[in-house]
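Okay, so here's the structure we're looking at.
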Amino acid sequence: MTVSERNEKTGSTLISGTVWRNWARTVEVRPTLVARPTSVAGVQRAIETARARGITVKAVGAGHSFTAIAEAPGVQLDLTRLTGLIDVDQARRRVRLLAGTCLRDIPELLAPYALAMENLGDIDSQSISGAISTGTHGTGASFGGIATQVVAALVVTASGDLLRIDENQNSELLPALSLGLGALGILVEVTLQCVPQFVLQAVEQPERLDAVLESVLERAAAVDHFEFYWFPHTKTALTKSNTRLPADAHREPLTVTKAYLDDVVVANGVFRLTCNLGRIAPAAIPGINRMAEKLTGNRRFTDLSTNVFITRRTVRFKEMEYAIPAEHVVSALREINAVIQRRGLRISFPLEVRFAKEDSLWLSTASGRATVYIAAHRFFREDHREYFAALEEVLRSFGGRPHWGKMHTQDAESLRQVYPHFDNFIELRDRLDPERLFANRYLDRVLGA
Ligand SMILES: Cc1cc2nc3c(=O)[nH]c(=O)nc-3n(C[C@H](O)[C@H](O)[C@H](O)COP(=O)(O)OP(=O)(O)OC[C@H]3O[C@@H](n4cnc5c(N)ncnc54)[C@H](O)[C@@H]3O)c2cc1C
């Protein structure tokens with residue numbers, strides 16, 4: 001790498017880009033320039049440079065989106081030096097974070113204040129800004145995705161100006177900016193509404209899929225965080241039911257050895273084995289899945305929320321996930337099963353089924369409706385196209401909305417049909433970024449050029 005420009009005063013270093021790849025290896029790009037600002041002024045300077053050169057600028061988080069949403073062919077804004085806690089409003093349990101802060105670091109930053117994030121997804125490798133910008137979510141029929149925890153933000157717009165959004169200023173923009181696909185501006189600060197630290201009691205067990213489906217909405221409503229995995233070609237669901245308890249509740253965490261055995265050796269190891277075996281001998285997949293269902297998912301433990309929400313993912317995969325109205329969960333899964341059978345597909349990865357409450361963010365996959373998420377995965381070396389296309393057809397027929405960070409084939413025209421606020425978002429984009437400084441080919445597809 002050659003240093004092409006350095007400006008210590010504004011906290012910005014610009015270097016010529018080398019090849020960047022996302023986690024799933026589905027996107028590869030060589031940015032013209034990479035900026036690693038250490039201050040808000042550094043972000044403004046990078047934007048100024050992009051404008052002066054007539055190239056686009058895009059913030060990148062941890063590169064954990066499966067889609068090309070973070071692809072930055074012009075100036076790639078790497079915010080890994082713009083991280084940490086700015087301040088805490090203890091009375092209101094609100095924390096202001098620099099936008100590049102990694103989710104993994106947040107529990108330690110919040111611990112001195114006995115605070116926690118209300119809900120999380122499966123992993124914590126993402127940046128806070130990347131996670132909210134694509135609508136990253138966990139599970140829980142009474143809980144929203146991470147972007148619903150955002151109560152204020154500071155954004156650098158395409159003109160280089162600062163736009164503060166909080167309850168007193170520009171509050172009407174929060175439902176767009178807190179889940180903005182990186183299309184409206186560069187987040188430099190994010191304020192989260194936190195909750196008192198809490199413990200989760202986890203019960204993970206295999207159950208008959210039919211029995212789970214019989215009362216799935218009741219199950220999702222009865223426990224704080226309910227989800228299940230279903231290995232195609234089996235009749236078993238691996239359910240996870242997490243109940244929130246006060247921080248001083250008795251804890252029975254997994255021992256380090258047990259956690260290692262379960263997560264690394266059994267869960268990820270079995271997956272790796274099934275994926276590799278499945279590639280060599282697809283006909284063996286149903287038998288392998290039956291073995292996997294027996295080896296995984298039968299444990300109880302109680303631990304701090306983050307230690308329960310977060311799991312290890314060491315097997316690389318590709319993922320598509322759709323949000324549909326919660327009431328269609330059973331019909332959609334039955335239809336997916338039928339499609340897999342009809343086409344004779346051999347699928348080694350489980351489907352993951354999660355829940356979220358309705359929210360009011362304009363481009364949230366749970367906007368205006370209680371939601372179930374159905375996620376399909378394929379080993380990263382496998383061809384995902386036939387499987388994902390078949391499921392996408394099913395899930396779209398239920399009014400499905402694709403996760404913005406996971407693979408799908410929809411475009412602005414079809415997405416406009418499923419998002420009542422789609423045109424409000426486009427109008428705001430026209431206002432904040434009329435020259436499409438923050439565009440890339442993915443945003444051109446899903447929002448229109
Ligand atoms: C192993 C794995 C597990 C996952 N688990 C879940 C899960 O449980 N639930 C779920 O919903 N998703 C999950 N995802 C998807 C993932 O959470 C999202 O794709 C998320 O956006 C990735 O965050 P990131 O920091 O890597 O962002 P990136 O992918 O790098 O970027 C995503 C978007 O955020 C924008 N962005 C980043 N920083 C800024 C900023 N400062 N200002 C403006 N825009 C910005 C980028 O421009 C881009 O548009 C998973 C992904 C992987 C690979």
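Overview of values
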{"quantity": "Given (1) more than 12 Å from the ligand (Cβ to nearest atom); (2) crowded, with 24+ Cβ neighbours inside 10 Å; (3) part of a strand (DSSP E or B), index of the condition residue 148 fails", "calculated": "(3)"}
{"quantity": "Inter-residue pairs, beta-carbon under 6 Å, first in contact (Cβ under 8 Å) with a residue 12 or more places away in the chain and in segment 419-444, second within 16 Å of the ligand (Cβ to nearest atom) and assigned to a helix (DSSP H, G or I), 6+ apart", "calculated": "425/176; 428/176; 442/68; 442/69"}
{"quantity": "Candidates 441, 401, filtered to the one that is within 13 Å of the ligand (Cβ to nearest atom), closer than 26 Å to residue 317 by Cα and open to solvent by 70 Å² or more (accessible area, probe 1.4 Å)", "calculated": "441"}
{"quantity": "Matching entry among 62, 68, 52 (being surrounded by fewer than 24 Cβ atoms within 10 Å (Cβ to Cβ) and either over 24 Å from the mean Cα position of the chain (by Cα) or in the same structural domain as residue 319 (by TED's automatic domain parsing) (or both))", "calculated": "52"}
{"quantity": "Residue within segment 226-233 that is in a loop (DSSP other than H, G, I, E, B) and at pLDDT 95 or above present", "calculated": "no"}
{"quantity": "Test: residue in segment 361-384 that is surrounded by fewer than 21 Cβ atoms within 10 Å (Cβ to Cβ), closer than 13 Å to residue 321 by Cβ, more than 16 Å from the ligand (Cβ to nearest atom) and not assigned by TED's automatic domain parsing to the domain that holds residue 155", "calculated": "no"}
{"quantity": "Criterion: free of Cβ contacts under 8 Å to residues at least 60 places away in the same chain, of a type outside the set (Ser, Thr, Tyr) and open to solvent by less than 50 Å² (accessible area, probe 1.4 Å) - qualifying residue of 207, 227, 218, 172", "calculated": "207"}
{"quantity": "Some residue of segment 53-75 being more than 27 Å from residue 441 (Cα to Cα) and at pLDDT 95 or above", "calculated": "no"}
{"quantity": "Any pair with Cβ under 6 angstrom, 6 or more apart, that starts in segment 18-33 at a residue that is under 17 Å from residue 55 (Cα atoms) and ends at one that is open to solvent by less than 60 Å² (accessible area, probe 1.4 Å) and within 11 Å of the ligand (Cβ to nearest atom)", "calculated": "29/20; 29/71; 31/72; 31/76"}
{"quantity": "Filtered residues of segment 77-105 (kept if closer than 25 Å to residue 17 by Cβ, assigned to a loop (DSSP other than H, G, I, E, B) and not small (Gly, Ala, Ser))", "calculated": "79, 80, 81, 82, 83, 101"}
{"quantity": "Flag if residue 188 is within 16 Å of the ligand (Cβ to nearest atom), in a strand (DSSP E or B) and open to solvent by less than 30 Å² (accessible area, probe 1.4 Å)", "calculated": "yes"}
{"quantity": "Filter result (farther than 21 Å from residue 77 by Cα and within 13 Å of the ligand (Cβ to nearest atom)) within segment 118-145", "calculated": "119, 120, 121, 122, 123, 137, 138, 139, 140, 143, 144, 145"}
{"quantity": "Matching residues in segment 425-438 - criterion: being under 23 Å from the mean Cα position of the chain (by Cα) and open to solvent by 20 Å² or more (accessible area, probe 1.4 Å)", "calculated": "426"}
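The values are calculated or read from the model by the stated rules, or taken from the named source; none is laboratory data. As the structure is a computational prediction, the values presented were derived from the model and not from experiment. Reconstructed Cβ throughout: ideal geometry from the backbone, glycine too, with neighbour counts over all protein chains shown. Side chains included, ligands, DNA and RNA excluded: accessible areas come from the protein's heavy atoms. Shrake-Rupley method; radii C 1.70, N 1.55, O 1.52, S 1.80 Å.
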